[in-house]
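Working notes, beginning with the structure itself.
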Amino acid sequence: MSEVLDSHPQLLQGAWITVQITVLGAVLALVLALAFGVAGAARAVWMRAVNRLYVEFFRGAAALVLMYWLFYSLPLVGLRFTPMAAAVLALGLNYGAYGAEVVRGSINAVPKAQYEAAVALNLRPAQRMRRVILPQAVALMLPPFGNLLIELMKATAVVSLVTIADLTFRAQQIQANTGETAATYALVLVVYFVIAQVLQRLVRLLEHRTERMLGRRPRRGALREVPAPAGGAPR
Amino acid sequence: MTWDWNYTGEILPDLLNGLRVTVVATLLGYAIALVLGLAWTLLQRTPSRLVNGTVRWAAEFIRSTPLLVQLFFVFYVLPSWGLTLGPLTAGIIGLGLHYSTYTAEVYRAGIDDVPRGQWEAATALNLPRRRVWLGVVLPQAVRRVVPTLGNYLIAMFKDSPLLLAVNVVELLGAAYQTGSRTLQFLEPITIVGVLFIAVSVLSSLLVRRLERRYATY
């Protein structure tokens with residue numbers, strides 16, 4: 001065990017790469033999700049068709065298959081990516097498709113009356129989206145986005161298979177150097193768990209802020225005075 | 001370099017063999033996930049705080065760490081504890097264990113969704129615990145979550161390529177092998193991508209039908 005702990009610089013380097021890929025992939029996925037999600041909630045048929053095409057294609061392809069394709073196949077037709085770019089692109093495209101479904105669903109879930117009120121107030125379509133629909137949709141998007149972020153973080157482990165020195169890759173190296181199989185993999189699993197917990201906390205913080213911004217969350221501690229809602233199974 | 005149809009024809013049998021392994025791994029793993037997931041859910045409902053807490057944290061741990069590392073763990077660590085597994089078995093167990101933490105959440109949601117009146121009626125009828133669960137709660141709970149469970153089958157299918165990391169020659173592994181033998185990666189991996197997309201588009205249509213069939217609202 002102590003040998004494994006001695007190689008913590010390697011482990012931390014790996015964790016840093018994992019965090020980097022997670023963040024870059026998440027940013028790319030978020031941009032794609034918003035763009036294609038809004039298109040999916042649009043009225044124009046061609047915009048919705050673009051959304052369907054993107055979502056079905058990239059949601060259907062497994063991230064690893066996409067990564068292999070970018071990394072091994074496309075160079076043969078002249079498109080060359082660095083491993084890092086291939087990894088971020090594959091993860092971003094894949095999770096962007098999942099995110100686009102979340103965005104589309106959230107926009108459609110905003111009550112119709114909000115939309116009608118915005119029309120009645122003579123807001124332009126862009127204003128309607130930016131000032132009325134999206135702020136409310138964002139509150140609905142955040143919890144599923146939190147789940148997707150954790151999924152994305154977990155999916156970054158596969159980048160070790162296209163030779164990127166992330167946490168999993170480092171685990172294999174440390175295992176080979178020390179021969180301590182159980183300790184190495186257990187430690188790496190714990191590091192992943194810690195990263196996931198931190199991400200989860202951050203998303204929850206964001207959720208609380210958004211809800212307070214929309215006036216949906218009462219002051220701190222007030223929730224405890226409210227009686228528990230009826231229904232649900234007894235434990 | 002252009003697409004080579006002759007080559008495509010030559011490698012197709014190998015790829016179909018790989019697809020068979022993928023399908024077998026997915027289905028067996030799914031069976032494990034369905035059974036184990038239900039066990040997790042029921043264990044989380046026992047009155048013992050210790051059991052509840054342990055199961056909840058174990059499930060949370062498995063759910064928020066990568067499947068790939070878990071596969072390595074099952075494949076490389078368990079042998080040192082005296083349990084040697086073949087690659088495919090290790091892969092199936094890893095897949096099933098990982099996804100059982102997801103199906104556990106699905107079952108939990110389904111059970112929470114059973115109206116309170118059903119529980120009260122079961123109590124009023126003085127049904128034994130076994131019949132409350134097997135006769136009243138689970139049939140209603142499982143029915144509600146069939147489409148969601150279907151989604152996890154698709155998700156599992158898409159995670160099955162990870163098995164190549166523990167030397168299982170499944171679909172992507174077969175494609176990679178033929179690719180490295182001939183140094184032509186374009187055709188095999190493209191075919192794998194197309195197959196994956198085809199299967200998941202078809203199966204998502206199927207799940208949508210399930211949703212309509214089992215809709216409770």
Any idea which residue in segment B:93-105 is nearest to B:Ala31 (Cα to Cα), counting only those that are open to solvent by less than 10 Å² (accessible area, probe 1.4 Å) and of a type in the set (A, V, I, L, M)? B:Leu95
Those residues of segment A:119-142 which are surrounded by 14 or more Cβ atoms within 10 Å (Cβ to Cβ) and more than 22 Å from A:Arg48 (Cα to Cα), in sequence order: A:Leu123, A:Ala139, A:Leu142
Any residue in segment B:125-132 that is open to solvent by less than 60 Å² (accessible area, probe 1.4 Å) and at pLDDT 85 or above? yes
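Looking only at segment A:64-82, count every residue that is small (Gly, Ala, Ser) and open to solvent by 30 Å² or more (accessible area, probe 1.4 Å) and tell me the total. Outline the logic, then answer.
At the first step, the residues of segment A:64-82 found to be small (Gly, Ala, Ser) are A:73, A:78.
Checking the rest, the ones that are also open to solvent by 30 Å² or more (accessible area, probe 1.4 Å) come to A:78.
The total comes to 1.
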Residue list for segment A:1-23, restricted to those being open to solvent by less than 90 Å² (accessible area, probe 1.4 Å) and under 30 Å from A:Pro144 (Cβ atoms): A:Gly14, A:Ala15, A:Ile17, A:Thr18, A:Val19, A:Gln20, A:Ile21, A:Thr22, A:Val23
Can you tell me which residue in segment B:54-92 is surrounded by the fewest Cβ atoms within 10 Å (Cβ to Cβ), limited to those that are among the small types (Gly, Ala, Ser) and at pLDDT below 90? B:Gly82
Hey, B:Leu206 touching a Leu at 6+ places or on another chain (Cβ under 6 Å), of a type outside the set (Gly, Ala, Ser) and either open to solvent by less than 20 Å² (accessible area, probe 1.4 Å) or more than 13 Å from chain A (Cβ to nearest Cβ) (or both) or not: no
Quick check on segment A:133-150. Is at least one of its residues more than 21 Å from the chain's Cα centre (by Cα) and over 30 Å from B:Leu186 (Cβ atoms)? yes
Scan segment B:19-50 residue by residue and report those that are farther than 21 Å from B:Val142 by Cβ, in a helix (DSSP H, G or I) and either within 12 Å of another protein chain (Cβ to nearest Cβ) or open to solvent by 50 Å² or more (accessible area, probe 1.4 Å) (or both). B:Arg20, B:Thr22, B:Val23, B:Val24, B:Arg49, B:Leu50
Can you tell me which residue is surrounded by the fewest Cβ atoms within 10 Å (Cβ to Cβ) among those in segment A:163-187 that are among the hydroxyl-bearing types (Ser, Thr, Tyr) and more than 8 Å from every other protein chain (Cβ to nearest Cβ)? A:Thr163
Taking segment B:106-120 and the residues there that are open to solvent by less than 50 Å² (accessible area, probe 1.4 Å) and not aliphatic (A, V, I, L, M), the one that is nearest to B:Gly135 (Cα to Cα) would be B:Trp119
Check B:Val145, B:Val137, B:Val166 and return the single one that is farther than 26 Å from A:Phe193 by Cβ, open to solvent by less than 20 Å² (accessible area, probe 1.4 Å) and away from chain A (no Cβ under 11 Å). B:Val145
Of all the residues that make up segment A:23-72, how many are more than 14 Å from every other protein chain (Cβ to nearest Cβ) and of a type in the set (A, V, I, L, M)? 21
From the list A:Ala113, A:Ala61, A:Ala90, pick out the single residue that is surrounded by fewer than 23 Cβ atoms within 10 Å (Cβ to Cβ) and modelled with pLDDT under 95. A:Ala113
Breaking point among (1) within 12 Å of chain B (Cβ to nearest Cβ); (2) not in a helix (DSSP H, G or I), for A:Ser160: (2)
Show the residue pairs meeting these rules: Cβ distance below 9 Å; 6+ apart or different chains; first residue within segment A:169-189 and more than 16 Å from B:Leu68 (Cβ to Cβ); second residue outside any helix (DSSP H, G or I). A:Asn177/A:Ser7; A:Thr178/A:Ser7; A:Glu180/A:Met1; A:Ala183/A:Met1
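Does A:Val190 fit the bill of being closer than 20 Å to B:Gly94 by Cα, open to solvent by 30 Å² or more (accessible area, probe 1.4 Å), assigned to a helix (DSSP H, G or I) and modelled with pLDDT of 90 or more?
So A:Val190 fits the description; yes.
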Is segment B:129-143 home to any residue that is more than 18 Å from A:Val158 (Cβ to Cβ) and among the aromatic types (Phe, Trp, Tyr)? yes
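The values are calculated or read from the model by the stated rules, or taken from the named source; none is laboratory data. Here the structure is a predicted model, which means the values were calculated and not measured. Don't worry about glycine lacking a Cβ; one is built from the backbone with ideal geometry, like all the others, and counts go over all protein chains shown. The accessibility values were calculated without ligands, DNA or RNA, using every heavy atom of the protein model including side chains. Shrake-Rupley method; radii C 1.70, N 1.55, O 1.52, S 1.80 Å.
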